[in-house]
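The values are calculated or read from the model by the stated rules, or taken from the named source; none is laboratory data. Every value quoted in this text rests on a predicted model; they were computed, and no experiment measured them. Cβ atoms come from the backbone with ideal geometry, glycine included; neighbour counts cover every protein chain shown.
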Amino acid sequence: MTGTAKLLHEGKAKQVYATDDPEVVLIRFKDEATAFDGKKRGTIEAKGPINARISSILFTYLEANGVATHYLGTAGERDLLARRVTIIPVEVVVRNIAAGSLARRLGLAEGTNLELPVLELYLKDDELGDPMINRYHVRALGLAADAELETMEEAALRVNALLAAHLEPLGLRLVDFKLEFGRTAAGRLLLADEISPDTCRFWDVRTGEKLDKDRFRRDMGGVEEAYREVLRRLEAGQGG
Ligand code: UDP
């Protein structure tokens, strides 16, 4: 990428640049970290390159297992190439174990096992604090077509099953995660955004230690080390 590439979008954790191909974008992962809808800010050393690598490994794994994603490949050490999409402003969260907002909302002890995966929808809107919504809101606000939402929900549950099965032997328990989807110019729905310790909760299977952004949210220290450990285990899982 040249220094003059056009910045199409800048979010809290990533920048999106145009490339020579109008259908392809370059996603640059930043070291900046935010939490609580941007109210807490900081920097996690080397987070960009680590999360770019983790996302690359996980998107590659999901694609190999039949999930349609925006991922095309890596570029620089903190950059991925992806199909250009318009992000649907609905965040899909899947949970296997109660933590974070679910634990608070339902008065469950963090770590309570959920008998079945729980899928939730949130409106992607920082100013409103990403309020929880349901299918009726999606329809009434015209956020996604019924068929798209169905595809998103099915894909999210499949991603959950695939990731949980892949991560468990690497000693990582998939507690919960958030996905975003987008549409290509041709109207194809693809899994987009990132999959990283910023957007997933990972607990060490043996010790229960948190290996994700909760270390930043809760000022626990060892954030970079935790992200590196997730990457190390994923690379071990690739045999390299
Ligand atoms: N999550 C995310 N972005 C958001 C909100 C949540 O990536 O804007 C992820 C979060 O990292 C966790 C899961 O979605 O893996 C569920 O988050 P929860 O609702 O418990 O959020 P919290 O209140 O803890 O921020």
Worksheet item: Can you find even one residue in region 133-155 that is within 12 Å of the ligand (Cβ to nearest atom) and surrounded by 13 or more Cβ atoms within 10 Å (Cβ to Cβ)?
Response: no
A careful count of residues in region 41-69 that are closer than 30 Å to ARG135 by Cα and within 16 Å of the ligand (Cβ to nearest atom) gives 3
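Let's see how each residue does on (1) more than 16 Å from the ligand (Cβ to nearest atom); (2) modelled with pLDDT under 95; (3) in contact with a Gly (Cβ under 7 Å, 6 or more places away or on another chain); (4) of a type outside the set (Val, Ile, Thr):
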| residue | (1), (2), (3), (4) |
| --- | --- |
| LEU172 | no, no, no, yes |
| ALA186 | yes, no, no, yes |
| ASP198 | no, no, no, yes |
| PHE216 | no, no, yes, yes |
Okay, strands (runs of 3 or more DSSP E) sitting entirely in region 70-129 with 2 or more residues that are away from the ligand (no atom under 13 Å from the Cβ), I get 71-74, 79-83, 113-123
Within region 44-59, restricting to residues that are assigned to a loop (DSSP other than H, G, I, E, B) and of a type in the set (A, V, I, L, M), the one that is surrounded by the fewest Cβ atoms within 10 Å (Cβ to Cβ) is ALA46
Flagged in region 16-42 as within 16 Å of the chain's Cα centre (by Cα), buried (at least 17 other Cβ atoms within 10 Å of the Cβ) and in a strand (DSSP E or B), in numbering order, are VAL16, ILE27, ARG28, PHE29, ALA33, THR34
- Message: Here is a check on your reading of the model: is ASN160 polar (S, T, N, Q), assigned to a helix (DSSP H, G or I) and modelled with pLDDT of 95 or more?
- Response: yes
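Table: residues versus (1) surrounded by 15 or more Cβ atoms within 10 Å (Cβ to Cβ); (2) assigned to a strand (DSSP E or B).
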position	(1), (2)
GLU168	no, no
LEU179	yes, yes
ALA185	no, no
LEU190	yes, yes
GLU194	yes, no
THR207	no, no
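Mind checking which residues of region 142-157 are outside any helix (DSSP H, G or I) and in contact with a strand residue (DSSP E or B) (Cβ under 8 Å, 6 or more places away or on another chain)?
Answer for region 142-157, where residues must be outside any helix (DSSP H, G or I) and in contact with a strand residue (DSSP E or B) (Cβ under 8 Å, 6 or more places away or on another chain): LEU143, ALA144.
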Pairing a residue in region 82-106 that is in contact (Cβ under 8 Å) with a residue 60 or more places away in the chain with any residue that is within 9 Å of the ligand (Cβ to nearest atom) and not in a strand (DSSP E or B), where Cβ atoms lie under 7 Å and the two sit 6 or more apart in sequence or on different chains, gives VAL90/LYS124; GLU91/LYS124; GLU91/ASP130; ARG95/LEU102
Over region 120-140, the set of residues closer than 21 Å to LEU190 by Cα and without any contact (Cβ under 8 Å) to a residue 12 or more places away in the chain is ARG139
The one condition GLY239 fails out of (1) within 16 Å of the ligand (Cβ to nearest atom); (2) not in a helix (DSSP H, G or I) is (1)
